[in-house]
Amino acid sequence: GDIESKNCDFHSFVNVTAMRTNWEHTTAKAINYSFYMMLTCLTQIVILLRQLLHTQSQSVASNVSLLCIGWQTVLDAILCISHIFLCLVMQPLFTAFASVAFFKLLIFCVI
């Protein structure tokens, strides 16, 4: 379309193109993403539980950095919230992102 302002002596032509989302392709990618993220989360939970068992004694637990644990907690919380927002925005992909958000919430609660 044309944009014209006679007071400012301005004239411009604008061409706009809309892109459509291929939901079948997006759904397949989201399901793959969700599968690999759930495997990653399960691995992370197992490793965290092994670390908790290893650091049960007070002398070994003092070697674990609180800054590192705090930063990991913040990152897990941000990932959990972002997956919940993706569930709200993309309703057809609710189950894929909700399952990842649930596992990230588990990791957040383990620490």
Output for the stretch 1-44, where each listed residue is surrounded by fewer than 12 Cβ atoms within 10 Å (Cβ to Cβ) and among the small types (G, A, S): G1, S5, S12, A18, A28
Selection from the stretch 80-97 of residues that are assigned to a helix (DSSP H, G or I) and open to solvent by 30 Å² or more (accessible area, probe 1.4 Å): I81, S82, I84, F85, L86, L88, V89, Q91, P92, F94, T95
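Select from the stretch 48-59 the residues that are exposed (fewer than 11 other Cβ atoms within 10 Å of the Cβ) and in a helix (DSSP H, G or I) and write down the one among them that is modelled with the highest pLDDT.
Here the answer is R50.
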Check on A101, under 22 Å from the mean Cα position of the chain (by Cα) and of a type outside the set (V, I, T): yes
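The values are calculated or read from the model by the stated rules, or taken from the named source; none is laboratory data. Quantities reported herein were computed from a predicted structural model and do not represent experimental measurements. Positions of Cβ are generated from backbone atoms using ideal geometry, with glycine treated the same way; all protein chains shown enter the neighbour counts. Heavy atoms of the whole protein, side chains included, go into the accessibility calculation; ligands, DNA and RNA do not. Shrake-Rupley method; radii C 1.70, N 1.55, O 1.52, S 1.80 Å.
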